[in-house]
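Report on the following structure.
The values are calculated or read from the model by the stated rules, or taken from the named source; none is laboratory data. For clarity, every value in this text was computed on a predicted model and none was experimentally measured. Here the Cβ positions follow ideal geometry from the backbone for every residue, glycine too, while neighbour counts run over all protein chains shown. These accessible areas exclude ligands, DNA and RNA; they are computed on the full protein's heavy atoms, side chains included. Shrake-Rupley method; radii C 1.70, N 1.55, O 1.52, S 1.80 Å.
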Amino acid sequence: MQKRAMVDYRKFRLSKLNTPEFSHLKMLIFWPLFGLMFLTVERLWIRESYYPISCSLDDAIPFCEYFLIPYLFWFVFLVGIHIYTLLFDTDSFRKLMKFIIISYSAAMIIYILFPNCQELRPVLFERDNVFTRFMTGFYQFDTNTNVCPSIHVIGSVAVMLCAWHSKHFSTKGWRIVFTITAFLISVSTVFLKQHSVLDILAAIPICVFAYVVVYGSEKWNCTKNKSV
């Protein structure tokens, strides 16, 4: 059976943006605002110095270009859950956006107050293949600044938690799939030398805070209802 969208967006008009049916669309405004701010911090507001982020464990992790697959899948992972929840689970969409707004804003504040970078990228690749050739161009395009905490990790956790709390992905199988995918995307950042292990660790407390704010009240209400 073909799944029907919860909201008929064909009826959308700007005059209806504040109605209960379409008010969640206002949360999408965050994405261009964040993109503009990130562009400013990355490309326009160049600092005199950045604090390098690294630890001894980074040196023990080898570069592995094959992790490019889960790394790039992050874009499908993030965009896909937005589209799906926007169409079929608006309640989960609202919680997803709240989590992203809180966590991404926190990361941006850290980038502004604590300019940081990583100096882990290999100068030469041991192998020559389609993955390493892609990484050569990607390194030139993507700067090595504003890495801690990792947006890649935060975004992956946001998608995973959204799936965990969505009635559409409530089965154990789906939870395992989303958890493994989030894990592979997160570790791909260190195997591609895009991030330090510390960038992953720094993302964890931000995700925990956002989780408590967004989903904590949900668990509290469930517990309260059971006790009544």
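Does the range 124-173 hold any residues that are open to solvent by 40 Å² or more (accessible area, probe 1.4 Å) and of a type in the set (A, V, I, L, M), and which are they?
The answer is LEU124, VAL130.
Considering every residue within the range 63-76, establish whether at least one is of a type in the set (Phe, Trp, Tyr), open to solvent by 70 Å² or more (accessible area, probe 1.4 Å), out of contact with any Phe, Trp or Tyr (no Cβ under 8 Å at 6 or more places or on another chain) and farther than 20 Å from LEU161 by Cα.
no
Could you check PHE169 against (1) modelled with pLDDT of 95 or more; (2) farther than 21 Å from CYS64 by Cβ and say which number it fails?
Just one mismatch for PHE169, condition (1).
For the range 1-107, give me every one of the helices (runs of 4 or more DSSP H) that falls completely inside it and has 1 or more residues that are closer than 30 Å to ASP128 by Cβ.
Here the list reads 56-60, 68-88.
Any residue at all in the range 183-204 that's assigned to a helix (DSSP H, G or I), at pLDDT below 95 and out of contact with any Phe, Trp or Tyr (no Cβ under 8 Å at 6 or more places or on another chain)?
no
Which condition breaks for TYR50 when tested against (1) under 24 Å from ILE110 (Cβ atoms); (2) surrounded by 14 or more Cβ atoms within 10 Å (Cβ to Cβ); (3) in contact with a helix residue (DSSP H, G or I) (Cβ under 9 Å, 6 or more places away or on another chain)?
Going through (1) under 24 Å from ILE110 (Cβ atoms); (2) surrounded by 14 or more Cβ atoms within 10 Å (Cβ to Cβ); (3) in contact with a helix residue (DSSP H, G or I) (Cβ under 9 Å, 6 or more places away or on another chain) one by one, TYR50 breaks only (3).
If you go through the range 123-135 one residue at a time, do you hit one that is closer than 18 Å to PRO52 by Cβ and assigned to a helix (DSSP H, G or I)?
no
Among the residues of the range 19-28, is any in contact (Cβ under 8 Å) with a residue 12 or more places away in the chain, closer than 23 Å to SER166 by Cβ, out of contact with any Phe, Trp or Tyr (no Cβ under 9 Å at 6 or more places or on another chain) and not polar (S, T, N, Q)?
Taking every residue of the range 19-28 in turn, at least one turns out to be in contact (Cβ under 8 Å) with a residue 12 or more places away in the chain, closer than 23 Å to SER166 by Cβ, out of contact with any Phe, Trp or Tyr (no Cβ under 9 Å at 6 or more places or on another chain) and not polar (S, T, N, Q).
Could you give me the residue pairs with C-beta distances under 7 Å whose first residue belongs to the range 114-141 and is more than 23 Å from LEU39 (Cβ to Cβ), whose second residue is open to solvent by 100 Å² or more (accessible area, probe 1.4 Å) and part of a helix (DSSP H, G or I) wherever it lies, and which are 6+ apart or on separate chains?
PHE131/TYR66
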